[in-house]
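So the structure is just underneath, and the comments pick up after that.
None of the figures in this text is laboratory data; all of them are computed from the coordinates on show. In this text, all values refer to a predicted model and were calculated from it rather than measured experimentally. Heads up, the Cβs are rebuilt from the backbone with ideal geometry, glycines too, and the neighbour counts pull from every protein chain shown.
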């Protein structure tokens, strides 16, 4: 909602986009924390597939402008962070067992 308001007030869709992306990045925090604490509740294979889809998506970007390239890059960063957290948390548990 803040993104829409910022977009309307500023008249710039980029301002709204930045607000939406910041919200998504902040919202990823609890998922990353859960991936560390309760890794068994997350499906590692599903996150790997999601990460791969984000990687495959990058060559589809024809014009690397801020408004076009930032969303897929931000989501790729989130996918990478969650996947890495799951891998590391599982390795940590394996070492402690």
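On the given criteria, is residue 17 within 15 Å of residue 80 (Cα to Cα) and touching a residue at least 40 places away in the same chain (Cβ under 8 Å)? Judged against the criteria, residue 17 is not a match. Within region 41-71, being outside any helix (DSSP H, G or I), without any contact (Cβ under 8 Å) to a residue 24 or more places away in the chain and either within 13 Å of the chain's Cα centre (by Cα) or surrounded by 10 or more Cβ atoms within 10 Å (Cβ to Cβ) (or both) holds for 43, 61, 64, 65.
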